[in-house]
Amino acid sequence: MTTAEPTAESEPESAVETARRQLERAAAHLEVDDGVVERLRYPKDVYRVTIPLERDDGTTEMFTGYRAHHDSVRGPFKGGLRYHPGVTEDECVGLSMWMTWKCAVMDLPFGGAKGGVVVDPKELSRGEKERLTRRFAEELRPVIGPMKDIPAPDMGTDPQTMAWFMDSYSMQVGETTPGVVTGKPPVIGGSKGREKAPGRSVGIITREAIDYYDWELEDTTVAVQGFGSVGANAARYLDERGATIVAVSDVDGAIYDPDGFDTNDVEDHDKTPGMVSTYDAPETLSNAELLELDVDVLIPAAVGNVLTAENARNVQADMIVEGANGPTTSAADQVFEDQGVHVIPDILANAGGVTVSYFEWLQDINRRAWSLERVHEELETEMLRGWNAVREEYDTRDVTWRDATYLVALSRIAEAHNARGLWP
């Protein structure tokens, strides 16, 4: 398949534009009904709500919240809720599409959703964040539920946010309903291992990709941009198995040691902000410089759109495993394809989060908690199943890893649509 030569990106492609481009690219490789593809270009519905919040000083401020539902042909909607000043309707729609693909790649019985509130959570007191969350839960109550739409934590939200959300919903429906959200504290129905699952799955997929190319894990150097929940846990997983983690970063900068770090000696940014960039290391770098280090594996695990047409040709890594959602623009993807850089996409690599959310949902429905050992065993099994399905497509067709992943997802979604049909 031919694509246009990448050009300088004055403005990064939006999440919904990227999601539609990836859908069309995958559809070109499959015999999929045009009507199904057209339906998948759009969300089923998008809810916009206005949330009044009483601030600590007694004033009232209005905030805007969104919840986008993309496709539910395979099961209830599933996806995170984020608190961030940059939340937009288009972003929620695009990310809900990615959740549809992610659930299908992992063969989970969910469809895609995403939502959030346009707010800077750093500017909220704990009490204000709780009141905002509880009112948001009430505004969304008609469209969420354990068999309708199951939110989860995302940027700016956490297990405590989900606890407030679950409690608010439960109070209104008249019964404790732990399955309405995932990512809760284990004491109220959350799953052990949920917080570390996205990073753990990035580690598992990186390990499998290294093995696929007959590299030795002990001889592999890794740079991780973003030493938060995803990046830190991926780095520690690989470090424990023999890889050499030579660079990590937080929002303030990166640290570099060609001999490798003991990743347990570096506190992650989520626990102690600033500890990464102030760590006593042989060399400090900028985040941009970390992306261009001469390493075997680069794991961008911070934010989206960090690999662009401007810096893609300077990336020296042989393999990129996406820990963050959407770290690579379409133009950068084309550069990497031309240069033979292997890019393992986010919707496979970081799918451990939604996979353990599925485990949590099952535990809530059955009122039976799993041990951490069982969670790890089941996650390993599911990640290998997803990897093997994608690897089979990659080996069969002359496509990139991203294309192979989307082919697996789209074929499963299209099959479900064909089986259910269109009503009325």
Next item on the list: With both partners inside the chain, how many of the DSSP beta bridges are antiparallel, as a percent to the nearest 5?
Entry: 50
Check: Ranked highest first by average number of other Cβ atoms within 10 Å, how do 124-133, 370-379 line up?
Finding: 124-133, 370-379
Margin query: Can you compute the modelled spin-label distance between residue 313 and residue 44, with each label point 7 Å from Cα toward Cβ, in nm?
Written below: 4.5
Checklist line | Segments 228-239, 254-265, 329-340 sorted - mean Cβ within 10 Å per residue, highest first | finding: 228-239, 329-340, 254-265
Checklist line | Calculated from backbone phi, Karplus (6.51, -1.76, 1.60) coupling profile of the range 285-294 in Hz, x at Gly/Pro | finding: 9, 8, 4, 5, 5, 4, 4, 10, 5, 7
Next item on the list: Could you check how much of the accessible area of the range 42-179 is carbon and sulfur, as a whole percent, using a 1.4 Å probe?
Entry: 47
Check: Tell me, what is the per residue accessible area of the chain in Å², probe radius 1.4 Å?
Finding: 42
Check: Extension gain residue 381-residue 264, at 0.36 nm per residue separation less the Cα-Cα distance, in nm?
Finding: 39.5 nm
Margin query: Given a 1.4 angstrom probe, I'd like the percentage of the accessible area of the range 196-348 that is carbon and sulfur, rounded to a whole number.
Written below: 41
Item checked: Most fluctuating residue given options 151, 178, 85, as computed from a GNM of the chain linking Cα atoms under 10 Å -> 85
Notebook entry, point to check: When the chain is treated as a GNM, springs tying every alpha-carbon pair under 10 Å, which of 51, 150, 299 comes out with the largest mean-square fluctuation?
Noted result: 51
Check: How far is the Cα center of the range 350-404 from the Cα center of the range 74-152, in Å?
Finding: 21
Check: Distance in nm between label sites at residue 173 and residue 155, each 7 Å beyond Cα in the beta-carbon direction?
Finding: 2.9
Check: So what are the radius of gyration and Dmax for the Cα set of the range 98-169, in Å?
Finding: 13.3, 39
Notebook entry, point to check: Are there GluC sites (Glu not before Pro) in the range 199-245 that DSSP puts in a loop and that have at most 11 other Cβ atoms within 10 Å, and which ones?
Noted result: 216
Notebook entry, point to check: Which value in deg cm²/dmol, rounded to the nearest 500, describes the helix-derived mean residue ellipticity at 222 nm for the chain, given -39,500 (n - 2.57) per DSSP H run of n ≥ 4 and division by the residue count?
Noted result: -13000 deg cm²/dmol
Item checked: Label selected from (1) 1.48; (2) 0.95; (3) 1.12, the criterion being Cα Rg over 2.2 N^0.38 Å as computed here -> (2)
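The values are calculated or read from the model by the stated rules, or taken from the named source; none is laboratory data. Treat the numbers as computed from the prediction; the structure is a model and nothing was measured. Glycine also receives a Cβ, built like all others from the backbone with ideal geometry; neighbour counts cover every protein chain displayed. SASA here: full protein model, heavy atoms, side chains in, ligands and nucleic acids out. Shrake-Rupley method; radii C 1.70, N 1.55, O 1.52, S 1.80 Å.
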